[in-house]
1. Can you tell me which residue in the stretch 250-290 is surrounded by the most Cβ atoms within 10 Å (Cβ to Cβ), limited to those that are small (Gly, Ala, Ser) and not in a helix (DSSP H, G or I)?
2. Residue check: is ASP223 surrounded by 20 or more Cβ atoms within 10 Å (Cβ to Cβ) and of a type in the set (Asp, Glu)?
3. Please go through (1) of a type in the set (A, V, I, L, M, F, W, C); (2) over 30 Å from GLN363 (Cα atoms); (3) assigned to a helix (DSSP H, G or I); (4) modelled with pLDDT under 95 for LEU74 and return the number of the only condition it doesn't satisfy.
4. Give me the pairs: first residue in the stretch 77-104 and under 13 Å from ILE61 (Cα atoms) and not assigned by TED's automatic domain parsing to the domain that holds HIS365, second residue modelled with pLDDT of 95 or more and buried (at least 20 other Cβ atoms within 10 Å of the Cβ), beta-carbon distance under 7 Å, and six or more apart or on different chains, which are they?
5. Can you tell which of LYS303, LYS376, LYS320 is more than 19 Å from SER135 (Cα to Cα), surrounded by fewer than 19 Cβ atoms within 10 Å (Cβ to Cβ) and among the basic types (Lys, Arg)?
6. Report, by residue number, each residue of the stretch 312-351 that is outside any helix (DSSP H, G or I), among the aliphatic types (A, V, I, L, M) and over 27 Å from the mean Cα position of the chain (by Cα).
7. So which residues in the stretch 160-208 are under 17 Å from VAL150 (Cα atoms), in a helix (DSSP H, G or I) and either modelled with pLDDT under 95 or of a type in the set (Phe, Trp, Tyr) (or both), if there are any at all?
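The values are calculated or read from the model by the stated rules, or taken from the named source; none is laboratory data. The model shown is predicted, which means the values in this text are computed figures rather than measured ones. Ideal geometry is used to build each Cβ from the backbone, glycine not excepted, and the neighbour counts take in all protein chains shown.
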Amino acid sequence: MKAFIFLVAGAALVGCASAPSAGNVNSLFADARFTAPSEPVSGGDIFALDGPMRSYLTHQIAGYVRNHGPRRGLLYALRDDFRIEYDADRTRNAEQAFASRSGNCLSLAIMTGAFAKQMGIPVTYREVYGFDSWSRSDGLTFHSGHVNLVLGPLPPDGWEHIRANPPLIVDFLPPQEAAAMTAREIPEQMIVAMYLNNRAAEIMAGGDVDRAYWWARAAIRADPSFLGAYNTLGVIYARHGDLSEAEQALRYALTREPESVDVLSNLIQLFEAESRTAEAQVLKKRLAGIEPYPPFYFFDRGKAAMAKGDYRSAVELFRKELARLPYNDEVHFALAVAELRLGNLGGARGQLELALDNSTSGQRHAIYAAKLEHLKALSVN
């Protein structure tokens, strides 16, 4: 479930380190190199409620609150009545997520936080570990983290306290799974920075590098401790041809997150683009010590095996990639194709179903659904 984005090799990251002040990061900005934005770029209004949201709060949510109290009333209303659909195509603010009834994990946290703030319910935002995912688009590799929200204060540490007073977690994940995951509390300004950073990455993926710059800049200004925004800024500079500025931003992030796979990968690409082979090799050795096989390593080799007609090797390689990226729909789809080429209709159907379940794009969801129906028809015949 994509919540906040880290860019690798062509773009996002989170980091927990000593927080630089806003004044110390001004030297990383190069405003004059980019066309001024035609729209205000700010995270100050992402929790705003519009008319339809206020009406929903007054009528639908109020009924649940009368029966269950404020916290459970809000939770049950969103769970049983509103039912937002997961969609990773774009990170939405509260109004946009409500209007479309869709969004990613970060959008869900923002929309829920907006209602809770209006109702006077304290919230705890959390970064969840162990649920990162990777995807690729237009030459960019996206590393996505996961966040959720707890209504009210967190219970004291210890399973006995948690059993007696379980946290009311708002998440796309099942309650038991969400409660069991390791997480850390993060401040609201980091949620704002994550939103702005996501929009920067999404806008850059759409090809508008100038506009993306201002969103990444705003993310850093919103919370200078969120290191993912510096990584995104570095990728934006690189795509804009500002290689010196790109290196400065990436090195700034690396000094605060020395083992960041994302930043190291981007610096390696930057050095290779400048024919700085020796420096790139030093970082490659450093990266190999942290992560010997980068994301999609086995996937790419599986595709190469497919191109040679070696479907058995492809199946083995795709399964290796799924051991690391179990929720990646593209890898499930590739494995389905390889299984189909081997005549394993059952295996192909199972992988297509997993690709469908894990798809984060409406367009790919439709493609998988159509292919699954076709495969079902073949199985019947």
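1. Of everything passing the filter in the stretch 250-290, SER260 is surrounded by the most Cβ atoms within 10 Å (Cβ to Cβ).
2. Spelling it out, ASP223 is indeed surrounded by 20 or more Cβ atoms within 10 Å (Cβ to Cβ) and of a type in the set (Asp, Glu).
3. (4)
4. Short answer, once both residue conditions are applied: ALA77/ILE61; ALA77/TYR64; LEU78/THR112.
5. Working: LYS303 fails: more than 19 Å from SER135 (Cα to Cα); LYS320 fails: more than 19 Å from SER135 (Cα to Cα).
That would be LYS376, the only listed residue that is more than 19 Å from SER135 (Cα to Cα), surrounded by fewer than 19 Cβ atoms within 10 Å (Cβ to Cβ) and among the basic types (Lys, Arg).
6. LEU342
7. HIS161, ILE162, ARG163, ALA164, PRO175, GLN176, GLU177, ALA178, ALA179, ALA180
Condition check ((1) touching a helix residue (DSSP H, G or I) at 6+ places or on another chain (Cβ under 7 Å); (2) surrounded by fewer than 14 Cβ atoms within 10 Å (Cβ to Cβ)) across all residues:
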| residue | (1), (2) |
| --- | --- |
| SER27 | no, yes |
| GLU39 | no, yes |
| GLY44 | no, yes |
| ARG66 | no, yes |
| ARG71 | no, no |
| TYR76 | yes, no |
